[in-house]
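Every read-out reported here was derived from the displayed coordinates using simple, explicitly stated rules and does not represent laboratory data. Please read these numbers as outputs of a predicted model, since none were measured by experiment. Positions of Cβ are generated from backbone atoms using ideal geometry, with glycine treated the same way; all protein chains shown enter the neighbour counts.
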Amino acid sequence: MKKIDQPSARQAVPLDEQAVEIHAVRHGNELLVRAGDEVWRDLSQAGQTIRLQPGDQMAETGASIDHCYFPEGGVTAIGERLGEDLVASGLVGREGLIGWPALLGQSSWPHVAVARALSFKALRIERAALLQIAHDHPAWHLELLKFVEAMMRQMARTIASNLHHSVEQRTARWILLYRERLDCDEIAMTHRELSIMLGVRRPSITDALHRLEYRGAIKATRGKLLVVDPGLLGRFISGDAAHA
């Protein structure tokens, strides 16, 4: 697993591509879309566009929060490391920010953050610069805090789901969380990856996927999941479809 804040592993976009790609990142990330022109001027001057690949690590528990990231797509898993595996408690996509604990006064990462699913670009900005820009633009700062609230709700629901839902329900929920962030029905995900992130045995995930496929909610192929009926997945989560 590659830690992208290590100098040898940085994937900065060449300067002659920065103007085009930083514009694309702005229009891909929902928090940046809601930034006014003055906010964006400050962000674009302080930030840098980077490319991220599945497996790239942006954060390690206890390490200093040196940079924050605004992804224009893809999925980043947030969670805790158990041995070599990352058990996820939340997902961040183009709706948000990786590094949100900095907005709560944290100077070190309380979790691990690893890119998943697809390659994507992100605006990377130093923590101190982001905090200064947020301070200078209170209205946008409020938008950032709204995302923090949404992220905390998502993580709380993950805890509740882990305690009260079946593996099948948890699998359905995780697939929908991925779909919402990727904004597409085809998801690059293996049984092993899903089992690690949910913290359950791989055979249990395989059984859950087979049941979801049998009921017509998804179609599973090697290394990919196709969401056929997102509404049915939602009913599985609520329990309405479990015994239908």
In whole angstrom, largest first, the equivalent ellipsoid semi-axes that the Cα gyration tensor gives for the chain are 32, 18, 18
Computed over the chain, the relative contact order (Cα-Cα under 8 Å, seq sep at least six) in percent reads 19
Plugging the Cβ-Cβ distance of residue 149 and residue 228 into 1/(1 + (r/R0)^6) at R0 = 41 Å yields, to the nearest 0.05, a FRET efficiency of 0.80
Looks like segment 165-238, by Cα gyration tensor root eigenvalues a ≥ b ≥ c and the a/c under 1.5 rounded cutoff (else prolate when a/b is bigger than b/c, oblate otherwise), is rounded
Under the helix-only model (-39500 (n - 2.57) for each DSSP H run of 4 or more, divided by the residues of the chain), the mean residue ellipticity at 222 nm, to 500 deg cm²/dmol, is -14000 deg cm²/dmol
Expressed as a whole-number percentage, the relative contact order of segment 165-238 with C-alpha contacts under 8 angstrom and at least six residues apart is 41
